[in-house]
Structures are given as structure tokens and as C-alpha cells.
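The values are calculated or read from the model by the stated rules, or taken from the named source; none is laboratory data. What you are looking at is a predicted structure, and each value in this text was computed from that prediction instead of being measured. We place every Cβ from the backbone using ideal geometry, glycine too, and count neighbours over all the protein chains shown. Heads up: the accessible areas ignore ligands, DNA and RNA and are worked out on the full protein's heavy atoms, side chains in. Shrake-Rupley method; radii C 1.70, N 1.55, O 1.52, S 1.80 Å.
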Amino acid sequence: MTPWNVLDGQDPALYEVVTRGPGPSGRLPLTAEMLRCRPSGDLFGMTEDAGMGWDPSALAGPQFVMLSTLGGMRAEDGSPIALGYHTGHFELGLALRAAAEEFKRAGALPYAAHCSDPCDGRTQGTPGMFDSLAFRNDAASVFRRQVRSIPNARGVLGVAACDKGLPAVMMALVSLARLPAVLVPGGVTLPSTDGEDTGKIQSIGARFARGELSLEDACVLGCRVCASAGGGCHFMGTAASSQVVGEALGLALPHSALAPSGQPIWLDIARRSARALLALAERGITVRDVVAEASIRNAMVVHAAFGGSTNLILHLPAIAHAAGRRRPGIDDWTEVNRSVPRLVDVLPNGPANHPTLRVYLAGGVPEVMLHLRDLGLLELDALTVAGMTLGEVLRWWEGSPRREALRRRLREQDGVDPDEVIFSPDQARRLGVTSTVCFPRGNLAPAGSVIKSTAIDPRVVDADGVYRKTGPARVFCRETDAIAAIKGQTDQPLRPGDVLVLMGRGPLGSGMEEVFQITSALRYLSWGAEVAVLTDARFSGVSTGACVGLIAPEALAGGPLGKVRDGDRIRIVIDRNELEGSVDLVGDASREFGPEEGERILAERPPHPDLSPDPLLPEETRLWAALQQASGGTWAGCVFDVDRIVEKLKDAR
């Protein structure tokens, strides 16, 4: 290539520019009243729609907006022209097309807009992660603006699959109180018959560095993970958990979460979702009628039964806030998790670790809800976007041919009993499956923290169901330093028995980065179960092990975690049965002491000398961190509470 190729295409035919042409044929369906009374924007909108090629005679039909996180460009044969950021949004155009065709058949006008989302897997361990959580709020704002930019929209369809884009779409949909809205979950990618899952594969660097994987195996295994081009990851991480929660809220059609992306059954969901939105608009049922307090409670219950990602503890309060509903707090989550058994055997929680697609075939959300209904744990009068109450939906599901056919398919194709993927409560109890999350406190986490207690390696849990660990702190203020120690690339490599303390990685330090690079390495290294992790950062939904995150207050907000030193003795106690826990400083390099003395010592200590915000933290994320802190912070969902922000600005004058 030469500079001249860039400056000019050097083809004389290019200069034969067409300077005018005939306008679209036909006539707009205008009336005298419209011309007298309607805003000029309504009229010019018809002009533009005709210019884009829509049949002018059909332009008086009802208007519907389709929002998505679509990314990449696909050729007609499915091959990539430009890559998406991840498989989760690469096939969404297929679902959008199916829905749009349904709207068009009904005489409606579909308008499509999208805001692509990042991939937390792609940005693990990189500065790209500093934009991840902040993106959610930004995208939700963009989506809301896109809806308002079609002022006559009668309803909104949202199509999304993954970690931040799906919560952002839900936040946008539920905020549209006067309109109907339906969510289409973006589905899951097929598991490979000859490769690892999308969680384990993210540890190949650590396994190679520690001599537990060859270069050849890393190259081959790294290629053979995704057996289809679209859909979210194979595990019950944030993407899958968000799909499940969207359906449990009643915002998505029954048995739509976790469907296989790109397959006919998934495209059928998109078509039926468009149909459902048309029916809701006809009946005058709005999203506020659907997403009520009872719906949010149901979503929390189903999240617990699935063993969902701890990131939903941030996202569901944000969705509730956007809907104008009360935000659930730590006490609410604790109460739900103590009363709801985990019923799903899915990656990464075990015991057998089935991929998400098997959960779908076993019956997915409605199958789990049947068990929860029988336990009296659901609000059955909650309305769903199917136009029916949850109780009516579950009565349909119980005897539906769909349920029977798909559960039979799982037996025949994979040789798996559906009842060994989705347990009855009695079976879960017999297998020793514990409830999902616990919220430890202590002198290192006075305002709380979270651990997916059900995913602690059983080998390090005592016979009474309690995880107990006391060990020396290995302190890091940058994730890059921590992963280097895990890989054995420092003078002081991480060792079995250590407590890895990663501080200054909350909202103020890194935008509350997700540190799955660390937890995945520890899960799949042969000795990793013997290491615990404490951090004010977030974990991926697929994280497992004795990993305590979202420690509050965060270190850079004065939290005691920021005062820990190398060699300090840390004690962690997690009761997986009672869902109680503590995280305490109980000694230093020279002596041991009790939690009370530890609290006094921490109060007197200065912060760690290396504690500081990451120098690469973007200005936009710094602004997000300040605004969400003014709005209630992490446990309030990292939202923007405009009234609180305005009041604080007034007080600062």
C-alpha cells in the first residue's frame, strides 16, 4: 500500500457522481387534522421513513422501538465481516430481524437502534475493565434517549445477552413506566464437544506459567471453546444470571432465558416476543404493571435458587431503582438466601457442573419456579409480559408439550436426566447443595462484603459445613502484581495458605474492576483452593472459591481493608449452612490478637503506602465513581440517583 492508494481510489468511474433522482413513489397517509395539529417532527418522520424505503401507505401504523447490544457485522452466510466484541452480541441481528418481520406483518413500524457492549472476558486484567461497570449506567442512559427519540413509540423490545449490556437494557426498559416493554434474552453459546468451557479456558495463562499446561494444549484448547458464533457463556455467570433474572421479573416470555443462540427455538422466542409486545400495547399493559415489588422479590428468589452471579447484587437494585421501586439491600438478600434452597446444578457451582444449555433443556426458569411455587416462595399474582400472572404461566408450563419435548431431548441427546440438572428441594438437601451467597462482616468489612459460599471448594470446608481459614496476608494494590505472583513470576510467588488481599480496586480505584483473572487461575491451579481472596473489587459470576469481594467501605474511601500489611494474620469464617461469616484482622507478623484489638489497630494505622487510584483510571469512570457514591454506593446498586446528586451539589455551594 502506498500513500496514493489512501488519497484516491484512482478509478475514474468513481467520479461519475449522481446529483439528483426521483423521490419515493406513492403518498403519505396524512390528514388535514394531522397537518394542522401534529408537530412538524411527526410529519417529517414519515418523509424520512419513506426515504428509507418503507411503503408510504403503511406509515400510519403503530411504532415500536427495538433496542439491542448488537455488535460485529455478519455476512448472509454467517461469516464475520467485522468481529463483535464477544459472541454474546454477534448473532442478535438474527433475533432483531425475526422480531421486525413480525411487527411488519402486523402492520406496525419497527425502529431499530443499538449500543454495543464490552466483554468482561476480553478486558480481564487490562485497563479496558475500568470502563466495564460504568458502561452499564451510560448505556442505560443511551437506550432511554433512543426510545425518547421516537416520540410516538407504542412499546419497546429489548434484545441483549451479556454482563453489562443486558442489565443496561433492563434498566432502560423498566424506566419506561408509561409504555409496554418486552425483553428477549440473547441466549447462550453451544458447549464444545472437544474443548473446555468459557470459564476454565480463561486460566490457560496461569496453568501454563505454573507448568500445568503445555503450549500446544493451550493453543488447541483456546481455539475449541465456542461451538456456535453467538450467545453468552456456558456458565451461570453474570450474563446467564441476568437472563434468568429478566425472565423471573416477568419482563421476558416464559422459558426464554438461556435458549441456544441462533437456533430456530431462539428465533421463535423473538417472534413471539414481538407478538407479546403488540398484545400488551393493545391491552394497555405497561412495564410498570409488570415490574412491581412482587416481581423484584420473585427475581431475588429465582436468583438464589439458580446460584446466580454476585454481580446481580449490584444490577437488580439498579433495575429496581430504574423502575421506581424499593432497592433490595443486604438484609433482603440475606433473608432470601437463607430461605431459598439452591436447586440448579450448573457451572461453576456444581456438583456436576452442567452447561447452561442443559439447564434450558431441563426446563429453565419455569421448571425451577415449579419447585419454588410448591415451597410457597413465589408471588404468583405477579403479572408477566405474556399477559398472564405467574401462577397462570406455571400451570401452563406444568402440562405443556414444550416442557415434555425438551426434557426428553436432554435425555436422548446428552444422556442426562433433567432431574439431575434441576433438583427437587429434597434431592438438593440429600446431595448437600447449599444456598447461594453470604454477606460476611468483621473488622475488615464493617459495612459488608459478599461471597458465593455455595461455590467454595468442598475440599477445604469442614465437616460441619463451615469454611475456616487463618493465614498470612499477601497485599497487592494492582491486579497485575497479584496475577504475576500467582503465576510465580515474582521474587515472592503466591503460596498455598496465603490470603491474597487486593485493595484499592473498588469504584474509586478502578471502577470496581472484575478480577476473574485471579479467581479463575486459583480455581484451576492444583493448589488454588488453599488460597483465599479479599478485595473491594468485583468477581465474575463464574468465580468460585473462598473469594470475598465488594468489601465495604472500599479502601480508597477509608475502609480498613486499605490498612492491611504483608504478613498480617487474616481470619475468615464462612458458615455455608447458616449463611453467616466474618472477615477479621487477628494478628500481625509478630503476634496474634482478637478481632476487637484488630479493630483498634486498624483504626490507628495509616493507609497502605501504595494505596492509590489506578493511574490509568479514565476520567469518565472517575465521574461515574463520584456520582454513584453520592447516590448510595455499591450496596445501592451503583446507580445515579439524580435527586440525591442535585441535593449534594446544592449543599456544596
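Here region 304-413 is treated with +1 on each Lys and Arg Cβ and -1 on each Asp and Glu Cβ, and its dipole about the Cα centre works out to around 320 debye.
Accessible area of Glu647 (1.4 Å probe, protein heavy atoms only, ligands and nucleic acids ignored): about 90 Å².
Shown here: region 550-593, whose C-alpha atoms stretch 33, 28, 13 Å along the first, second and third principal axes, sorted largest to smallest.
More than 24 angstrom separation, counting every C-alpha pair in region 131-289; what % is that? Value for region 131-289 (Cα pairs over 24 Å): 43 percent.
Using only Cα atoms, locate the centre of region 528-551 and the centre of region 379-432, then give the distance between them in Å, rounded to an integer. First find each Cα centre; the distance between them is then 31 Å.
Counting only DSSP H runs of at least 4 residues, each contributing -39500 (n - 2.57), and dividing by the residue count of the chain, the helix-based mean residue ellipticity at 222 nm comes to -11500 deg cm²/dmol. Counting DSSP beta bridges in the chain, what percent are antiparallel, to the nearest 5? Of the beta bridges lying entirely in the chain, close to 40 percent run antiparallel. Ranking Ala259, Val368, Leu59 by how far each Cα lies toward the positive end of the dipole of the chain (charges on Cβ) leaves Leu59 at the top. Scattering from region 429-587 was approximated by placing one identical point on each alpha carbon and applying the Debye formula without solvent; log10 I(q)/I(0) at 0.12, 0.17 1/Å stands at -0.44, -0.92. About its Cα centre, the dipole of region 1-126 is roughly 380 debye, where the only charges are +1 on Lys and Arg Cβ and -1 on Asp and Glu Cβ.
In region 231-348, taking the dipole from charged Cβ atoms about the Cα centre, the farthest positive-side position among Ser295, Gly324, Thr334 is held by Gly324. All Cα-Cα distances of region 109-196, cut into 5 Å bins from zero to the largest, leave 3, 13, 22, 21, 16, 11, 8, 4, 2, 1, 0 percent in each bin in turn. The listed residues Ile150, Ile451 rank as Ile150, Ile451 when sorted by accessible area, largest first, using a 1.4 Å probe. Each listed q (0.12, 0.13, 0.20 Å⁻¹) maps to a log10 I(q)/I(0) for region 1-86, found by the Debye formula over equal Cα scatterers with no solvent: -0.76, -0.84, -1.00. Could you compute the FRET efficiency for Asp42 and Glu412, with r as their C-beta to C-beta distance and R0 at 60 Å, rounded to 0.05? Efficiency, rounded to the nearest 0.05: 0.65.
On a per residue basis, the convex hull of the C-alpha atoms belonging to region 350-425 measures out at 95 Å³. Charge dipole of the chain (Cα centre as origin; +1 on each Lys and Arg Cβ, -1 on each Asp and Glu Cβ, all else neutral): 1160 debye, rounded to the nearest 20. Protection proxy ranking for 26-38, 303-315, using the average of other Cβ atoms within 10 Å per residue and placing the highest first: 303-315, 26-38. The accessible surface of the chain, taken with every protein chain in place and a 1.4 Å probe, is 52 percent carbon and sulfur. Calculated on the Cα set of region 341-394, radius of gyration then Dmax: 12.8, 37 Å.
A 1.4 Å probe, protein heavy atoms only, puts the accessible area of Arg644 near 100 Å². Take the chain, drop everything but the C-alpha atoms, weight them equally and run the Debye formula without solvent; then report log10 I(q)/I(0) at 0.05, 0.10, 0.11 Å⁻¹ to two decimals. Here the Debye-derived log intensity ratios amount to -0.24, -0.92, -1.09.
Ordering Gly587, Leu343, Val244 by the projection of their Cα atoms onto the charge dipole of the chain, which places +1 on the Cβ of Lys and Arg and -1 on the Cβ of Asp and Glu, puts Val244 at the extreme positive end. Annotation for Arg495 and Arg591: the two label points, set 7 Å from Cα along the Cα-Cβ direction, are 2.4 nm apart. Can you give me the Cα centroid spacing of region 287-306 and region 571-588 in angstrom? What the calculation gives is 30 Å, centre to centre. Any idea what % of Cα-Cα pairs in region 550-653 are farther than 17 Å? Across region 550-653, Cα pairs with separations above 17 Å total 66 percent.
In summary, the lysines within cross-link reach of Lys164, defined as a Cα separation below 23 angstrom excluding same-chain residues under 8 places away, comprise Lys200, Lys452. Computed over all pairs of different Cα atoms, the Kirkwood value for the hydrodynamic radius of region 280-323 is 11.6 Å.
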